[in-house]
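Okay, so here's the structure we're looking at.
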Amino acid sequence: MLVVRETPLSAIHLENMLAVTRAGAVVLPASPSFYSKPETLDSLLDTVVGRVLDQLGLPNKLMPRWGEGASK
């Protein structure tokens with residue numbers, strides 16, 4: 001898994017991400033979500049970390065899932 005954070009993405013970045021995706025990796029941009037209306041920097045970062053943990057199949061309570069209330 002690649003958690004990419006660099007911007008702007010150059011053609012080299014994109015070509016490398018395509019190559020690793022074709023090889024079976026997952027590219028997960030480190031883009032926080034705002035739909036949960038985070039109130040602190042920590043809660044904003046939790047949205048990225050929660051997605052990484054979800055992708056790895058690791059349970060976590062860092063952010064609510066769709067249809068769930070806040071569970072922190």
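The values are calculated or read from the model by the stated rules, or taken from the named source; none is laboratory data. As the structure is a computational prediction, the values presented were derived from the model and not from experiment. FYI the Cβ positions are ideal-geometry reconstructions off the backbone, even for glycines, and counts take in every protein chain you see.
Could you please find all residues in the range 16-34 being surrounded by fewer than 11 Cβ atoms within 10 Å (Cβ to Cβ) and over 14 Å from the mean Cα position of the chain (by Cα)? Scanning the range 16-34 gives Ala19, Arg22, Ala23, Gly24.
Please give the number of the condition Gly24 fails out of (1) touching a residue at least 40 places away in the same chain (Cβ under 8 Å); (2) in the same structural domain as Pro8 (by TED's automatic domain parsing); (3) of a type outside the set (Ser, Thr, Tyr). Result: Gly24 fails condition (1) only. Within the range 47-64, the residues that satisfy the criterion of being touching a residue at least 24 places away in the same chain (Cβ under 8 Å) and not in a loop (DSSP other than H, G, I, E, B) are Val48, Val52, Gln55. Would you confirm, using the coordinates I've provided, whether Glu39 is part of a loop (DSSP other than H, G, I, E, B) and at pLDDT below 90? No. There is at least one residue in the range 21-32 that is modelled with pLDDT of 95 or more and part of a helix (DSSP H, G or I).
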